[in-house]
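Input: a single structure, listed below in structure tokens.
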Amino acid sequence: MTQATASTTTATSLDGGRSTESVRAARERSAVLERQIAVDPSRFRVLTGERPTGALHLGHLIATLDNRVRLQALGVEIFLVVADYQVITDRDVAGDLPAVVREVLLDYLAAGIDPEVTTIFTHSAVPALNQLLLPFLSLVTVAELERNPTVKAETAAAERRGRTGMSGLMFTYPVHQAADILFCQANLVPVGQDQLPHLEITRTVARRFNNRYAAGRPYFPEPDALVVPTPTILGNDGAKMSKSAGNALEIRAGEDETVAFVKRAKTDSERHITYEPDRRPEIANLLTIGAHFVGTTPEALAESVGAAGAGRLKRVVTEALVEGLRPLRARRAEAAAQGPEYLRAILARGNARADEIATCTLDDVRDLMRMTY
Ligand code: TRP
């Protein structure tokens, strides 16, 4: 199985992870992993996280946060990186990082991440993690990095923004992500299918390190992608929800904003509600959001609204969202009320734990590389 995965995912680095063949293989592998998680969650350690560039929104909640909370509830150990060094991959100024990190932390807590069991840390507080970047960079070629679809996409995006250059940090960030994942020996990374190639670089780094320096007794696991369905959530202008587009419903939004978000959401002129993401993206988006919070499928929700039309759909989605976000708002308010020290302590604890693990890993790595003098 591992063998098969290795060869099929190799193909993803060439086609951006979009070939149906490799995506199907990764999905099948993920179904196997889900069954193993259900049987013995202690076999798995997840690493995931995000760049702290702003408060998190409904798109994050539906596509990733709720899945993390699900894995946490199943008993899987989770490490969450607040990837502050990734913020400066594509900007000259990091912005008000302390404020943004605070909001992201509150969003995690609001979503139900339990800091007693999940380790939350920032790149910048874990020097040994960052030092792993050096040996790891020696294990990949420039050509391999150039082929990485996300690096390619970022280059194109930077050019569209009128910048011709791409920073060296952006160019090497898939390798930095390998350090994020491997420092804690994570063996499971939840990803949307478009991110499969990222993990491929991590797997390559792990494999090459093992071959070169730990022959016979593999040191790093080759982590698996846990492909999770990540529906693209649209903002109320019909474009993909994103902080920068200004069309997002933030997790921290109040009830009025939530109601207004649905009210402003686009619909179409067909009365009968059906779930057809390609033909009716706005209706499909409302159905996806509503179904997520009601705990049903978009198809079933469409069926139940049917001839009652978009007005009824909006009422159903508004209620589902308002009710669904209520406990999040309560948890967020509770955490915020405990003051900045509370959040600082959570991060300090997570950073200390990550630092301890990263230091052990770096010591091992230096031993294996015969750099301990
Ligand atoms: N690049 C991810 C994002 O912006 C964040 C991230 C950093 C990450 N390191 C990672 C995700 C390692 C998964 C694994 O959302």
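The values are calculated or read from the model by the stated rules, or taken from the named source; none is laboratory data. Model, not experiment: these values are computed from the prediction. Cβ sites come from the backbone with ideal geometry, for glycine too, and all protein chains shown count toward neighbours. The area values use the complete protein model at the heavy-atom level, side chains included, leaving out ligands, DNA and RNA. Shrake-Rupley method; radii C 1.70, N 1.55, O 1.52, S 1.80 Å.
Looking at the range 129-190, which trypsin sites (Lys or Arg not before Pro) are DSSP coil and have at most 16 other C-beta atoms within 10 Å of their C-beta? Each step should come with its number before you reach the end.
On the way: sites: R147, K152, R160, R161, R163; in loops: R161, R163.
Sparse-neighbourhood loop trypsin sites (Lys or Arg not before Pro): R161, R163.
Would you kindly state how much longer the chain becomes between R370 and A156 on full extension, computed as 0.36 nm times their sequence separation minus their alpha carbon distance, in nm to one decimal? All intermediate terms of the calculation are to be shown ahead of the outcome.
Numbers: separation 214, 0.36 × 214 = 77.04 nm, distance 4.04 nm.
73.0 nm is the gain from fully extending R370 to A156.
First measure r as the distance between the Cβ atoms of R353 and I88, then evaluate 1/(1 + (r/R0)^6) with R0 = 25 Å and state the FRET efficiency to the nearest 0.05. Intermediate results must be reported in sequence, preceding the final value.
Numbers: r = 25 Å, r/R0 = 0.98.
That pair, R353 with I88, gives E of 0.55.
Can you tell which of T118, L137, S22 lies farthest toward the positive end of the dipole of the chain, using +1 and -1 charges on the Cβ of basic and acidic side chains (Lys, Arg; Asp, Glu)?
S22
How much area per residue is accessible in the chain when the probe is 1.4 Å and only protein heavy atoms are counted (Å²)?
It amounts to 46 Å² per residue over the chain.
How much of the accessible area of the range 255-337, probe 1.4 Å, is carbon plus sulfur, in whole percent?
50
Give the separation of the Cα centroids, the range 302-330 to the range 173-248, in Å.
33
Report the one residue of T155, A55, Q195 whose Cα lies farthest in the direction of the positive end of the charge dipole of the chain (charges on C-beta: Lys and Arg +1, Asp and Glu -1; origin at the Cα centre).
The residue sitting most towards the positive pole is T155.
Along the charge dipole of the range 255-337, which of A302, V259, T318 sits closest to the positive end, that is, farthest toward it, with unit charges on the beta carbon of Lys, Arg, Asp and Glu (+1, +1, -1, -1)?
Sorting the options by dipole projection puts first V259.
Could you bin all the Cα-Cα distances of the range 255-337 into 10 Å bins starting at 0 and give me the percent of pairs in each, rounded to whole numbers?
So the P(r) values, bin by bin, are 19, 49, 22, 8, 1.
At 0.36 nm per residue, and after removing the present C-alpha to C-alpha distance, how many nm does the segment from R207 to D40 gain when stretched out fully? Working shown, then result.
Working: separation 167, 0.36 × 167 = 60.12 nm, distance 2.49 nm.
Residue separation times 0.36 nm, minus the Cα-Cα distance, leaves 57.6 nm.
In debye, nearest 20, what is the charge dipole magnitude of the chain about its Cα centre with +1 on Lys and Arg Cβ and -1 on Asp and Glu Cβ, if you could check?
On the way: 43 positive and 46 negative charges, 58 e Å.
Dipole size: approximately 280 debye.
Take the chain, drop everything but the C-alpha atoms, weight them equally and run the Debye formula without solvent; then report log10 I(q)/I(0) at 0.07, 0.11, 0.12 Å⁻¹ to two decimals.
Taking Cα atoms of the chain as identical point scatterers yields -0.33, -0.83, -0.98.
Using DSSP, restrict attention to beta bridges with both residues in the chain and report what percent are antiparallel, rounded to the nearest 5.
Bridges in the chain are about 10 percent antiparallel.
Determine the dipole magnitude for the range 255-337: charges of +1 sit on the beta-carbon of Lys and Arg, -1 on that of Asp and Glu, nothing else is charged, the reference point is the Cα centre, and the result goes in debye to the nearest 20. Write out the running numbers ahead of the final one.
Values: 13 positive and 13 negative charges, 42 e Å.
Once rounded to the nearest 20, the dipole reads 200 debye.
Quick one: pull the percent of accessible area on the range 116-208 belonging to carbon and sulfur, 1.4 Å probe, ligands and nucleic acids left out.
55
Calculate, in nm to one decimal, what V142 and R271 gain on full extension: separation in residues at 0.36 nm each, minus their alpha carbon distance.
Separation in residues times 0.36 nm, less the Cα-Cα distance, equals 41.1 nm.
Once label points are set 7 Å from the Cα along Cα→Cβ at both A31 and R315, what is their separation, rounded to one decimal in nm?
Those two pseudo-labels are separated by 4.0 nm.
Quick one: dipole size for the range 51-144, taken about the Cα centre, charges +1 on Lys/Arg Cβ and -1 on Asp/Glu Cβ, in debye to the nearest 20.
Charge dipole of the range 51-144: 80 debye, to the nearest 20.
Report the GluC sites (Glu not before Pro) located in the range 270-356 that are in a DSSP loop and have at most 16 other Cβ atoms inside 10 Å of their Cβ, or state none.
Listed in order of number, the matching sites are E270.
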